[in-house]
Every structure is written in C-alpha cells, then in structure tokens.
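Visitor: If you scroll down you'll find the structure; I have some questions about it.
The values are calculated or read from the model by the stated rules, or taken from the named source; none is laboratory data. As the structure is a computational prediction, the values presented were derived from the model and not from experiment. A quick note on method: Cβ atoms are made from the backbone with ideal geometry, for glycine too, and the neighbour counts reach across all protein chains shown.
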Amino acid sequence: MGFIDTILWPLKWVVEAILVGFHTLLTGVGMGTDWGSTWVLSIVGLVLVVRAALIPIFVRQIKSQRRMMEIAPQLKKIQDKYRGKRDQFSREAMSRETMELYKNTGTNPLSSCLPLLIQMPIFFSLFSVLQNAQHEGIGVGLLNQTLSTSFGESTLWGAPLKETFLTATTWEVRLIAAGLVVIMTASQFITQLQIVSKNMSPETKASPMFKQQRMLLYILPLVFVFSGLSFPLGVMFYWLTSNIWTMVQQFIVIRNMPTPGSEAALAREQRLARKQQRRGLPSINDITVTEITDEAPVKSTTQRTQPVGKNRAKKQGQKK
C-alpha cells in the first residue's frame, strides 16, 4: 500500500460503507441486488450524503471568494500604480501594499483555495472507489468481491455501468454515454455562468480576474467533454449528480447572498421591495426624512388679558 493509499484508506472505507449502506437499503425495499438502477441510486445517495457534509466548507469558500472579489478593484489600482515598473524597489512596494490591503480587509488569497484542497481527497476517494468497483476489484471495507462484481456487471437501459464511450461495442451504450457527457458538461457550464454573469460587481468585471474566469467558462466544459469519454457510466452518474448539486447550491447562494453591487444583488433588492409593497409597508425609496431644526420655538408677543373684578378695577382707577 502506497503513501497516498494509506492516507485515503479511511476515506475510502467511509465511502464504501455509505455506498453499500444505500444498496442494502434499496434492496431491502424490493429493488434487485444486481439492477443497474439500484447501484445508480446508491451512487446518488452517496453523493448527496458527502456533499451535504461538505456544506460548511462550501460556505467558507464562498465567503472567501466574495471577499477577494470585493477587493479586486483595489488590487487593480495597486497593480496599475506599479505597471511597467520592474525595479526591485517598486516590486517590494507593490508587494508591501498588497499584503497591507489583505491585512486591513481581513482577506487571504489562499483561504479560498483551502476548502477546495480539503475536498480533493474526499472526491478522489469517491472516484477511486467507483473506479475500482467498475473493474470488479475488492474494496478496502464493506465492498466485497460479490458486491463489486454486481456493481460492475449491472446494466442500466441495457448498458453495463463499467462501460465507457471509448470501449463500448454497441451504439446504445455510446448513445447513453454521449448523453451523460453532454448533460454533465452543460451542468458545469451553467454553474460557472451563474457566477460570471450574475454574481460579480461591475468593478470586478473590469479586472483581469474576470477575463481569466471568462476564459475558464469555455475551457472547462471542453475538458469535461474529452475526459468524460473515458469515464465508466457509473462514474459519470457520480459526476452528473455532483454537478447538479453544485448548480442548485450555487443558485441558492447567489439568490440569497449575492455579491454587493452585482446583478444578483440588484435583483434581490427589487424582490424585497416588491415583497414590502405587497405587505403594505413603505419601501426605502418612499420614506422621506423630515428636517428637524434646533431653533427654539418663537414666543408669541401677544399677552392674554386676564378678567378683573369690579372692586379691583376701582382700586386700579384710583391709583392712576
């Protein structure tokens, strides 16, 4: 057992336990042990459990990415300030101002990458377990030889889950594999498009970072197209389910916690304003501020004449 296998061993054991647990549950409610649909639903259940456990890490990643987007215009100003200056003094000054900006805003460029690095071993374990089962190999835990063979030999719509587009011998298998690749690639594209088109402020869209993400928007789907052709069908069901989860999760985050100044943030403000109007509450734009002055109230110069009795009036006349 190599060093990487030793590190991933406990993760693989947990992944196999969840996969076999869902398979046992589904067969217990009447589904066939060797049905392809049983194993596909087990894969779906595995992805849902793992992705739900990773929600706190995803939230941290979103917050880190948002902070980096918010300071992107300030980073651009620093870069423009020292553009074309290649002397050591200018490079040190640029680095010093950049680090000072990170410190003052409480951001760290590596913090947005850390959650992704934490997820990578888990996803690699998922992929490794499914890939091993596709080749009917014995797992490290509950995935014994019988279950592994059942997984590899099971079929869905007549296509064995261990087949790939490149190794398929029938057009039915290639048609199913091609359809999964297209759907998987489209879900990945839509997820990235949501971020680029709706969840970036105008300042961020004017920065070099936006141009890079715009390029990745069209490059990553091509990577999935070519790599997906060599994925077994069972692994593609895993990637498809994971992509759909990411797409829905990203939609919810953008709708409820958009980046300030972005198109999604403006849309959220409009939804809240309409909601207040339906409840009969004044919107923020309808509220007027009454001017309050510190001047003392003006006293009236007119004095009220008090009634006087007859005897008192006579006395006042005699004094005059």
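Visitor: What are the residues in region 51-89 that are among the charged types (D, E, K, R), farther than 30 Å from Val14 by Cβ and either at pLDDT 80 or above or exposed (fewer than 14 other Cβ atoms within 10 Å of the Cβ) (or both), if any?
Guide: Lys77, Asp80, Lys81, Arg83, Lys85, Arg86, Asp87 - these are the residues of region 51-89 that are among the charged types (D, E, K, R), farther than 30 Å from Val14 by Cβ and either at pLDDT 80 or above or exposed (fewer than 14 other Cβ atoms within 10 Å of the Cβ) (or both).
Visitor: Turning to a different aspect of this structure: State the number of residues belonging to region 34-45 that are within 15 Å of Ser148 (Cβ to Cβ) and either at pLDDT 90 or above or touching a Gly at 6+ places or on another chain (Cβ under 8 Å) (or both).
Guide: Result for region 34-45: 4.
Visitor: Among the residues of region 128-137, is there at least one that is under 28 Å from Pro56 (Cα atoms), part of a helix (DSSP H, G or I) and of a type in the set (A, V, I, L, M)?
Guide: yes
Visitor: Mind checking which helices (runs of 4 or more DSSP H) fall wholly inside region 158-250 and carry at least 2 residues that are closer than 27 Å to Lys63 by Cβ and at pLDDT 80 or above?
Guide: So the answer is 171-198.
Visitor: Then there's this: Residue check: is Leu117 touching a helix residue (DSSP H, G or I) at 6+ places or on another chain (Cβ under 9 Å) and of a type outside the set (Lys, Arg)?
Guide: No.
Visitor: Criterion first (of a type outside the set (S, T, N, Q), in a helix (DSSP H, G or I), surrounded by fewer than 17 Cβ atoms within 10 Å (Cβ to Cβ) and touching a Gly at 6+ places or on another chain (Cβ under 9 Å)) does Leu25 satisfy it?
Guide: yes
Visitor: Ok, one more. Only residues that are of a type in the set (A, V, I, L, M, F, W, C), out of contact with any Asp or Glu (no Cβ under 6 Å at 6 or more places or on another chain) and part of a helix (DSSP H, G or I): list them for region 70-88, please.
Guide: Answer for region 70-88, where residues must be of a type in the set (A, V, I, L, M, F, W, C), out of contact with any Asp or Glu (no Cβ under 6 Å at 6 or more places or on another chain) and part of a helix (DSSP H, G or I): Ala72, Leu75.
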